[in-house]
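The values are calculated or read from the model by the stated rules, or taken from the named source; none is laboratory data. A quick note: this is a predicted structure, and the numbers were derived from the prediction, not measured. Glycine gets a Cβ as well: all are built from the backbone with ideal geometry, and neighbour counts include every protein chain shown.
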Amino acid sequence: MSDRALIASLCLAEVLGMLGISAFAALLPMLQVEWSLSNADAGWINGIFFAGYMLAVPVLVALTDRVDARGIYLVATALSGIALLGFATLAGGFWTAMLFRGFSGIALAGTYMPGLKALADRLDGGVGARAVAFYTASFGIGVSSSFLLTGLLIDVVPWPWVFGLLAIGAPAAMLVAGRVLARRPAVEAPPSPRGHLLDFRPVFANRRALGYILAYTAHNWELFGVRGWLVAYLVWVQARQPGYAGWDATLIATVVSLLAVPASIIGGEIALRGHRRRVISVVMALSATLAVAVGFASGLPFPWLVALVLLHAPFIAMDSAAITTGAVAAAPPGGRGAVMAMHSFIGFAGAFTGPLAFGLVLDAAGPDSALGWGLAFASLAVGLLLGPLALAICGRKG
């Protein structure tokens with residue numbers, strides 16, 4: 001199997017396995033009313049997905065330094081399908097939603113970075129660097145596909161059926177990944193690092209890697225804060241401007257996520273040709289500025305707000321591949337899994353706290369006020385700007 005076929009197949013499996021990832025965010029306005037959820041409650045359900053991810057990822061990704069990531073990937077993909085089916089049949093409020101969203105987060109911990117590790121282990125360095133960009137960009141395709149399918153399905157079936165139908169993506173992903181990874185074994189046998197599986201001290205001593213890990217945390221704070229709350233924000237603005245009620249908020253969110261795909265690849269290519277840390281810092285500064293602008297733009301005519309959201313969208317993701325490629329490149333021989341484990345564990349702390357902080361700020365400042373939404377988006381910008389600061393403090397070129 002050629003390198004291109006392997007990369008394309010793993011990217012396809014990634015997208016198929018993520019078909020349910022945005023379903024809750026897309027249906028949040030409906031479920032928030034049906035289950036009488038506060039904005040803080042909704043923030044917890046959005047965030048618990050990433051808490052589950054954080055709890056599982058140190059073990060599952062570090063384990064890929066000792067065993068082939070293929071087996072971990074396949075088991076976790078099966079869990080993602082089971083979690084979606086559980087949400088479809090048993091979720092009926094805050095606590096049950098928390099339970100199954102948490103399981104979904106654990107499943108992502110065993111698929112996203114282990115899938116990237118399985119891919120990197122089967123490619124040489126030159127091809128692997130660009131494969132990282134395509135693989136991380138495919139995350140955006142998965143998110144946007146989930147938004148799109150959720151929006152289409154909810155028009156024809158009740159919401160539990162939406163989750164159940166999206167669960168079909170899991171066995172499809174298992175079929176694709178299982179076949180291609182079996183046909184293309186790792187280039188080298190998995191190394192056997194000395195020390196305890198969860199001894200991450202060498203990662204924290206690696207200042208170059210640590211800078212990218214902390215930048216990834218800031219990146220995820222904004223990225224998943226926007227993804228978790230964008231549909232709800234657009235629906236709220238539409239309620240204030242009834243003339244635009246026909247505009248589909250989930251379709252807009254789909255386009256926003258799709259724009260992340262070329263943006264991430266382009267950002268990665270620019271970083272390969274220049275100063276990676278500088279590229280990341282400039283992109284983060286621009287994205288933070290636009291996040292604040294979007295949050296305080298609820299008084300604009302709805303089409304103008306949508307245009308501003310679409311302008312912001314590429315900058316949210318343009319630093320993604322550059323950050324992850326930098327972290328992978330900073331990993332020492334035999335320690336790539338450990339670096340990627342901390343990259344995900346610490347990085348997705350931002351994915352957990354960003355949506356939660358957004359909900360808490362919104363409740364505190366006024367969920368039915370333009371100021372409340374503006375300050376909530378500003379909280380995403382504040383978290384994001386810690387990324388350039390971390391890169392500057394670590395002070396190493398990528």
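Okay, residues lined up against (1) part of a helix (DSSP H, G or I); (2) free of Cβ contacts under 8 Å to residues at least 60 places away in the same chain; (3) farther than 22 Å from G43 by Cβ:
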| site | (1), (2), (3) |
| --- | --- |
| T289 | yes, no, yes |
| P303 | yes, yes, yes |
| L311 | yes, yes, yes |
| P332 | no, no, yes |
| H343 | yes, no, yes |
| A349 | yes, no, no |
| A364 | yes, yes, no |
| A381 | yes, no, no |
| L389 | yes, yes, yes |
Original post:
Can you find a residue in the stretch 364-371 that is out of contact with any Phe, Trp or Tyr (no Cβ under 9 Å at 6 or more places or on another chain) and at negative phi?
Top reply: yes
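Being within 23 Å of G140 (Cβ to Cβ) and either hydroxyl-bearing (S, T, Y) or surrounded by fewer than 22 Cβ atoms within 10 Å (Cβ to Cβ) (or both): is that true of S369 here? Steps first, please.
Values: within 23 Å of G140 (Cβ to Cβ): no; either hydroxyl-bearing (S, T, Y) or surrounded by fewer than 22 Cβ atoms within 10 Å (Cβ to Cβ) (or both): yes.
When the stated conditions are applied, S369 does not pass them.
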Original post:
Any idea which of (1) modelled with pLDDT of 90 or more; (2) out of contact with any Ser or Thr (no Cβ under 6 Å at 6 or more places or on another chain) is the one T77 doesn't satisfy?
Top reply: (2)
**OP:** Within the stretch 50-68, work out how many residues are under 20 Å from the mean Cα position of the chain (by Cα) and buried (at least 19 other Cβ atoms within 10 Å of the Cβ).
**Re:** 11
**OP:** Considering only residues that are modelled with pLDDT of 80 or more and surrounded by fewer than 12 Cβ atoms within 10 Å (Cβ to Cβ), look in the stretch 158-200 and name the one that is nearest to I21 (Cα to Cα).
**Re:** P158
Original post:
Across the stretch 107-150, what is the number of residues that are at pLDDT 90 or above, assigned to a helix (DSSP H, G or I) and of a type in the set (G, A, S)?
Top reply: 6
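Sort out for me the helices (runs of 4 or more DSSP H) sitting completely within the stretch 1-49 that have 1 or more residues that are of a type in the set (V, I, T) and buried (at least 18 other Cβ atoms within 10 Å of the Cβ).
Numbers: elements: 3-17, 23-26, 28-34.
Passing ranges, in order: 3-17.
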Original post:
So which residues in the stretch 52-62 are modelled with pLDDT under 85 and in contact with a Leu (Cβ under 7 Å, 6 or more places away or on another chain)?
Top reply: A62
Subject >> The one condition in (1) over 25 Å from G337 (Cβ atoms); (2) in a helix (DSSP H, G or I) that L79 fails to fulfil >> reply: (1)
Original post:
Taking the stretch 77-90 only, how many residues are buried (at least 24 other Cβ atoms within 10 Å of the Cβ) and of a type in the set (A, V, I, L, M)?
Top reply: 2
Subject >> Complete set of residues in the stretch 372-390 that are hydrophobic (A, V, I, L, M, F, W, C) and surrounded by fewer than 24 Cβ atoms within 10 Å (Cβ to Cβ) >> reply: L375, A378, A381, V382, L385, L386, L389, A390
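Collect the residues in the stretch 102-118 that are within 21 Å of L31 (Cα to Cα) and surrounded by fewer than 24 Cβ atoms within 10 Å (Cβ to Cβ), keeping them in residue-number order.
To start, the set of residues in the stretch 102-118 that are within 21 Å of L31 (Cα to Cα) comprises 102-105.
Those that are within 21 Å of L31 (Cα to Cα) and surrounded by fewer than 24 Cβ atoms within 10 Å (Cβ to Cβ): G102, F103.
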